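Asks: Quick one: this structure, given as structure tokens, is what I'll be asking you about.
Coordinate-derived values only; no laboratory data. Bear in mind the structure is a predicted one, so any value in this text is a computation, not a measurement. Glycine gets a Cβ as well: all are built from the backbone with ideal geometry, and neighbour counts include every protein chain shown.
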Amino acid sequence: MDPLEVFKVEAPGEEYGEKKYREILLDILQDLGLVRSIGRLYVYADISKPYFAVFGLFRGALPPLLVRDIGDVAAAGDGFQIKVNDEEHLADLVRVLWERYGRDNVEQPDRDILTVISKDSPADIPVADLDREFRQDLTDALIRIAPEGFRNRMNEMKEDSFFFIAAEETLTSEMIAEVREKIRGMMNA
Amino acid sequence: MLDPVMYTGGVYKHDLIMELVEDLGGYLLQKNVTQSEVILLLLIPSDDMPILAALAKELRGELVRAPLAGTEVAVVTPTLAIHHLPHSACDVAEYLRRHGAKSNMVGLARGVGREIAQINEYETDLVNEHDACVFMFGNFVQCIVEKGPLYRNINVPVVVTGGPEIPKEKMPYAFEYVSSVGRISHRSKKANELANLDRIVAAVGRALDRARRDIEKDPLTTSPPRVMDAVREQVPEVQSSFSPLPIALNLNGCRIKLPYDEFHQAVSDVTFDEGMRLGDIATIRPSRMKRYILVRIKPESETGFVI
């Protein structure tokens, strides 16, 4: 079963390519952990032109990652102690704390322990913009997914959707309009 | 008639196998030691196979036929980018290696796209130094068919792989087309995927058999393993080459991984028991691969004798 709500791939005259590109898309999106953030996905490829396009709708924006999301914050001595549970964002966390409290007021006595000398709790400070990271990863995934020779690309990221087109020849406004029309047709089918 | 086999067993007493191979008049093509295990690629006279099998059994080793041993196969992809590597090109190269072939990956500089794909003279020459090659393409029929010019000037048999079923007539320059092996982005581990890799190995095997039959019509003056043995003995520098396989065998010669300018005279002067020099019975020229030494043994029709 597809993990996406709607997942359509169309490539006129290339039944095998259609089937295989479903697998490639899912493999790459799963490898990069992007599947859960995408709700609907429409892929249209015309090899006689040739071009390859993907249109997708996001499931909703990801909230920013706060200090309390990656560790347990507790009052200790003159300030607060953070016990880090998710080491993936540890470097970002240290950078943010340095910026907010200054290097002299932040210490790391152990690999996963940080202490901050401050009167305000650091629990609600944003550490990373997950939504921006997700969009960067998605762009990387789309470049990997598109056939390799299609090196003229356009990537349009909006609040709730994205549109990517790649072609061998120069992209023209007529080509882009044609692809948009095809994808609209797939959505309404 | 020499049979290619692969011995896998413990390092302990594996030298007995090597000694036996020498005594039987066979050849050791390659030796790989991985911690406590050793893998030997051997050529053994067919009649003496039971003797070797008995010793392998005694040493608790495994002896399997390696039909592609003593050959070099190029695995050619449109580029060496993430679209082709590590899956599926590495899977194919590794599978060919397991069957005894020496496989080399070749990524073309400008092989991508449907209309813009091209191959240059250097790449063509490099692929032509192999015994056979596998061109790996993607999942779209049109792209696979239109990439024919990439391998039109290749003289060795070309096995083309791709996803969809395509009639062979649409690819006049290919030796064989193997379907169901298009672009994939996961490791080949399911039974049907492994079966597809087996089909590629079988196709390469058939291509090499054809090349062997062609050679048999006008036999080589001497066999490539004999050249390898003589070079190993008389040009000791080859033993200190950093390549995992200092002498790579081809069906009609070998590639010696020493710099051409420095060592081609020494290789040319290698003498056989019958008194002939290698330079007299073979063409020795620089290889397109890192300017190594490429030896191409002349056929009987050119030299007038076989040793």
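Asks: Of all DSSP beta bridges in the protein assembly as shown, what percent run antiparallel (nearest 5)?
Replies: Values: 71 of 93 bridges.
Rounded to the nearest five, the antiparallel share is 75 percent.
Asks: Sticking with this structure for a sec: When each pair of different Cα atoms in the protein assembly as shown is counted once in the 1/r mean, what is the Kirkwood radius in angstroms, to one decimal? Before the final figure, lay out each step's value.
Replies: On the way: mean 1/r = 0.0372 Å⁻¹.
Result for the protein assembly as shown stands at 26.9 Å.
Asks: Relative to the first principal axis of the alpha-carbon coordinates of chain A, what is the inclination of helix A:90-101, with its axis defined by its Cα atoms, in degrees from 0 to 90 and to the nearest 10?
Replies: That helix lies at roughly 50 degrees to the long axis.
Asks: Quick one: if the Förster radius is 22 Å, what FRET efficiency do residue B:11 and residue B:240 give, using the C-beta to C-beta distance and rounding to 0.05? Could the numbers behind the result be given before it?
Replies: Details: r = 22 Å, r/R0 = 0.98.
With R0 = 22 Å, the Cβ-Cβ based efficiency is 0.55.
Asks: Further question: Quick check on my link table: of B:147/B:168; A:19/A:158; A:158/A:182; A:8/A:158; A:19/B:190, which ones sit more than 25 Å apart, alpha carbon to alpha carbon?
Replies: Details: B:147/B:168 14 Å; A:19/A:158 28 Å; A:158/A:182 19 Å; A:8/A:158 20 Å; A:19/B:190 17 Å.
As for pairs spanning more than 25 Å Cα to Cα, those are A:19/A:158.
Asks: Using r as the Cβ-Cβ distance of residue B:206 and residue A:32, and R0 as 51 Å, what FRET efficiency do you calculate, to the nearest 0.05? Display every interim value, and only then the final one.
Replies: Numbers: r = 40 Å, r/R0 = 0.78.
The value I calculate is 0.80.
Asks: Taking each residue in B:178-187, count the Cβ atoms of any other chain within 10 Å of its Cβ, then average. What number comes out? Mind showing how you got there, number by number?
Replies: Numbers: counts 0, 1, 2, 0, 6, 7, 4, 11, 7, 0.
The mean count of partner-chain Cβ atoms within 10 Å per residue comes to 4.
Asks: Mind checking segment B:155-247 for chymotrypsin sites (Phe, Trp or Tyr not before Pro) that DSSP puts in a loop (not H, G, I, E or B) and that have at most 14 other Cβ atoms within 10 Å? Please report the intermediate quantities before stating the final value.
Replies: On the way: sites: B:173, B:175, B:177, B:242; in loops: B:173, B:175, B:242.
Hits after loop and neighbour filter: B:173, B:242.
Asks: Please state the relative contact order of segment A:47-189 as a whole percent: Cα pairs under 8 Å, 6+ residues apart?
Replies: Values: 192 pairs, mean separation 45.1, N = 143.
This gives 32 percent for segment A:47-189.
Asks: Here's something else I'd like to know. Please work out the Cα convex hull volume for segment B:140-194 and give it in Å³ per residue.
Replies: On the way: hull volume 5.0 nm³, N = 55.
Cα-based convex hull of segment B:140-194, divided per residue, equals 92 Å³.
Asks: Label points 7 Å out from Cα along the Cβ direction at residue B:283 and residue B:226: separation in nm?
Replies: 2.1
Asks: Report the convex hull volume per residue for segment B:224-303, counting only C-alpha atoms, in Å³. Before the final figure, lay out each step's value.
Replies: Details: hull volume 7.0 nm³, N = 80.
Output value, Cα hull per residue: 87 Å³.
Asks: Another question about this same structure. Averaged across orientations, what area in nm² does the convex hull of the alpha carbons in segment A:27-70 project?
Replies: Numbers: hull surface 17.4 nm².
Spelled out: convex hull of the Cα atoms, projected over all directions, averaged, 4.3 nm².
Asks: Given labels modelled 7 Å from the Cα in the Cβ direction, how far is it in nm from residue B:261 to residue B:24?
Replies: For residue B:261 paired with residue B:24, the spin-label model returns 4.4 nm.
Asks: Nothing charged except the Cβ atoms of Lys and Arg (+1) and of Asp and Glu (-1): what's the magnitude of the dipole of chain B about its Cα centre? Round to the nearest 20 debye.
Replies: Values: 35 positive and 40 negative charges, 260 e Å.
Dipole size: approximately 1240 debye.
Asks: To continue, here is another question. Quick one: dipole size for segment A:40-109, taken about the Cα centre, charges +1 on Lys/Arg Cβ and -1 on Asp/Glu Cβ, in debye to the nearest 20. It would help to have the intermediate numbers written out before the result.
Replies: Details: 8 positive and 11 negative charges, 97 e Å.
In total the dipole reaches around 460 debye.
Asks: If you don't mind, there's one more thing I want to ask. Taking the 0 to 90 degree range and rounding to the nearest ten, how far is the long axis of helix A:130-145 tilted relative to the main principal axis of chain A, both from C-alpha atoms?
Replies: Helix A:130-145 sits roughly 30 degrees off the main axis of chain A.
Asks: Okay, next question. Take A:162, A:150 and order them by how many other Cβ atoms sit within 10 Å, fewest up front. Walk me through the intermediate numbers first.
Replies: Working: A:162 19, A:150 22.
So the residues, fewest neighbours to most, are A:162, A:150.
Asks: Now, a different point. If you split all Cα-Cα distances of segment B:51-117 into 10 Å bins from zero, what percentages do you get per bin, shortest first?
Replies: 19, 33, 24, 14, 7, 3
Asks: Here is a follow-up. If you look at just the Cα atoms of segment B:82-127, how large are its Rg and its Dmax in Å?
Replies: 12.4, 36
Asks: In nm, what is the difference between 0.36 nm times the number of residues separating residue B:64 and residue B:306 and their Cα-Cα distance? Walk me through the numbers on the way to the answer.
Replies: Details: separation 242, 0.36 × 242 = 87.12 nm, distance 3.06 nm.
Difference between extended and current length: 84.1 nm.
Asks: Here's a follow-up. Which trypsin sites (Lys or Arg not before Pro) from segment A:40-145 combine a DSSP loop assignment with at most 11 other Cβ atoms within 10 Å? Mind showing how you got there, number by number?
Replies: On the way: sites: A:40, A:59, A:68, A:83, A:95, A:100, A:103, A:111, A:119, A:132, A:135, A:144; in loops: A:59, A:111, A:119.
Hits after loop and neighbour filter: A:111, A:119.
Asks: If I model a spin label as a point 7 Å beyond the Cα along the Cα-Cβ vector, how far apart are those points for residue B:35 and residue B:128 in nm?
Replies: For the pair residue B:35/residue B:128, the computed spacing is 4.5 nm.
Asks: I've got another one for you. Using the Kirkwood radius over C-alpha pairs as Rh, can you work out the diffusion coefficient of segment A:65-128 via Stokes-Einstein at 10 °C, viscosity 1.306 mPa s, in µm² per second?
Replies: 141
Asks: Give the average over all directions of the projected area of the C-alpha convex hull of segment B:130-276, one decimal, in nm². Can you show the working numbers first?
Replies: Values: hull surface 47.4 nm².
Result: 11.8 nm².
Asks: To one decimal place, what Kirkwood hydrodynamic radius in Å is obtained for segment B:2-65 from all pairs of distinct Cα atoms?
Replies: 11.3
Asks: Moving to a separate point now. Stick to Cα atoms and the Kirkwood definition of Rh, then tell me Rg/Rh for segment A:1-139.
Replies: 1.21
Asks: Sticking with this structure for a sec: Quick one: if the Förster radius is 45 Å, what FRET efficiency do residue A:105 and residue A:133 give, using the C-beta to C-beta distance and rounding to 0.05? It would help to have the intermediate numbers written out before the result.
Replies: Values: r = 28 Å, r/R0 = 0.61.
Here the calculated transfer efficiency is 0.95.
Asks: Here is a follow-up. Where the only charges are on Cβ atoms (+1 Lys, Arg; -1 Asp, Glu), what is the dipole of segment A:114-189 about its Cα centre, to the nearest 20 debye? Could the numbers behind the result be given before it?
Replies: Working: 10 positive and 16 negative charges, 13 e Å.
That gives segment A:114-189 a dipole magnitude of about 60 debye.
Asks: Above 20 Å lies some portion of the pair distances; for segment B:72-215, what is it as a whole percent of all C-alpha pairs?
Replies: Details: 4088 of 10296 pairs.
In whole percent, the long-distance tail amounts to 40.
Asks: Suppose we take every Cα in chain B and form the convex hull; what volume per residue is that in Å³?
Replies: Working: hull volume 44.9 nm³, N = 307.
Enclosed volume per residue, from the Cα hull, is 146 Å³.
Asks: Return A:156, B:176 ranked ascending by Cβ neighbour count within 10 Å, so the fewest neighbours appear first. All intermediate terms of the calculation are to be shown ahead of the outcome.
Replies: Details: A:156 11, B:176 19.
Going from least to most buried by this count: A:156, B:176.
Asks: Taking every pair of alpha-carbon atoms in segment A:40-102, what share in percent sits in each 5 Å bin, from 0 to the bin with the longest distance?
Replies: For segment A:40-102, the binned pair fractions read 4, 12, 15, 15, 9, 6, 8, 8, 8, 7, 4, 2, 1, 1 percent.
Asks: With viscosity set to 0.692 mPa s at 37 °C, what whole-number translational diffusion coefficient in µm²/s follows for segment B:1-136 from Stokes-Einstein and a Kirkwood radius over Cα pairs? Write out the running numbers ahead of the final one.
Replies: Working: Rh = 16.6 Å.
It diffuses with D of about 198 µm²/s by this estimate.
Asks: Do you know the relative contact order of chain B, to the nearest whole percent, from alpha carbon pairs under 8 angstrom that are 6+ apart? Working shown, then result.
Replies: Numbers: 598 pairs, mean separation 40.7, N = 307.
Once normalised by length, the contact order is 13 percent.
Asks: Can you put B:84, B:264 in order, fewest other beta carbons within 10 Å first?
Replies: On the way: B:84 26, B:264 19.
Going from sparsest to densest Cβ surroundings: B:264, B:84.
Asks: Within segment B:187-220, find all residues whose amide N lies under 14 Å from a label point positioned 7 Å from the Cα of residue B:1 along Cα-to-beta-carbon.
Replies: Only B:213 fall inside the zone, counting backbone N under 14 Å.
Asks: Okay, next question. Calculate the mean, over all residues of peptide B:111-121, of how many other protein chain Cβ atoms lie within 10 angstrom of the residue's Cβ.
Replies: Details: counts 2, 6, 8, 8, 4, 4, 2, 0, 0, 0, 0.
Across the residues of B:111-121, the mean count of other-chain Cβ atoms within 10 Å is 3.
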